[in-house]
Amino acid sequence: MPSVNRRRFVAAGTLVAAAALAPRLSVAQGQSATPPAGGPFALPALGYAPNSLEPHIDAMTMEIHHGRHHNAFITNLNNLAKDNPQIAQTPPHQLLGKLGDVPEAIRTAVRNNMGGHANHTMFWQIMGANGGAPSGDVAAAIDRDLGGLDKLKTDFNAAGLRVFGSGWVFVTVTRDGKLGIETRPNQDSPLMDGRMVLMGNDVWEHAYYLKYQNRRADYLSTWWNVVNWAKVGERFAAARAGTLTV
């Protein structure tokens, strides 16, 4: 086996083996998720086939990322809710916005797992095949606040590259529609500071390693091909109406 192919095979096998340790929950394309037995939290359905983002994001990465990594957050939240039912009685964006009110004994676990749940729920929503281009109010806001689409891509990608280790890069939006770019480590979210998230990209290695290995820059550049701008436009309208949550 050539050395390059051998390295890819070993890297893929290592990630698959590690992901197999996480709990699984199968959700068919297009179906609504249902809470697992004995727990109030559920894995949201993708709404599209795992292979529909190829060649930009491969099907195996999507299956592992959604069905195992995100589902691990769901499993952990349901385990926390057994003794702390209040975490399921407050909407995620409100809970994350008031982490100081969460009991200290579970605060870090809630921060990591509810943050991961919120971030990934947004992430699946704003992607899709043949995502088109921004239009209408969100396109005008990008031109006004971020210097246009090309500059947004350049600045967003540069911010994503600056994230040390694992984290996220986001476009935030205020109630009056003003946009900004910021990054967060781990599974932290702008929701923790009361800000709404218009869109964001996951720069944890599990989001891209099978296809891009350590080439985060290539992943960030290619990811724009799968941004669902119609959905981003809907989120922008919801933010201005004050109804955008995760």
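Nothing in this text is a laboratory measurement; each read-out follows from the coordinates by a stated rule. All values derive from a computational prediction rather than experimental measurement. When we count neighbours, we look across all protein chains shown, and the Cβ atoms used for this are built from the backbone with ideal geometry, even at glycine.
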| said: I want the local charge near Met122. Using Cβ-Cβ distances under 11 Å, sum +1 for each Lys or Arg and -1 for each Asp or Glu among the other residues. | reply: +1
| request: Quick one: what are the phi-derived ³J(HN,Hα) couplings along the range 218-224, Karplus 6.51/-1.76/1.60 with θ = phi - 60°, whole Hz, x for glycine and proline? | output: 5, 4, 4, 5, 6, 4, 4
| query | Once amide H atoms are built 1.01 Å from N in the peptide plane, which residues 5 or more positions from Met127, or in another chain, come under 5 Å H to H? | reply | Asn228
| the range 61-166: trypsin sites (Lys or Arg not before Pro) in DSSP coil with no more than 12 other Cβ atoms inside 10 Å | Lys98
| By how many nm would the segment from Lys153 to Thr222 lengthen if fully extended, with 0.36 nm per residue of separation less the alpha-carbon distance? | 23.8 nm
| Do the alpha carbons of any pairs in Lys151/Lys211; Lys82/Lys178; Lys98/Lys211; Lys178/Lys211 sit beyond 31 Å of each other, and which pairs? | Lys82/Lys178; Lys98/Lys211; Lys178/Lys211
| field | Hz values of 3J(HN,Hα) by residue in the range 231-246 - Karplus curve (6.51, -1.76, 1.60), Gly and Pro given as x | value | 5, 4, x, 5, 5, 5, 5, 5, 5, 5, 8, x, 10, 6, 10, 7
| field | Projected area averaged over orientations for the range 36-112, convex hull of C-alpha atoms, nm² | value | 6.0 nm²
| query | Under 5 Å between amide H atoms, partner at least 5 residues away or on a different chain: which partners does Gly167 have, H built in plane at 1.01 Å? | reply | Asn186, Val203, Trp204
| said: Contact order normalised by length for the range 89-175, with contacts defined as Cα pairs under 8 Å and 6 or more residues apart; what percent is it? | reply: 14 percent
| query | Given H placed on each backbone N at 1.01 Å, which residues far from Leu198 in sequence or on other chains put an amide H within less than 5 Å of it? | reply | Val171, Thr172, Val173
| note | Taking Cα pairs closer than 8 Å and at least 6 residues apart, the relative contact order of the range 136-241 in percent is 28 percent
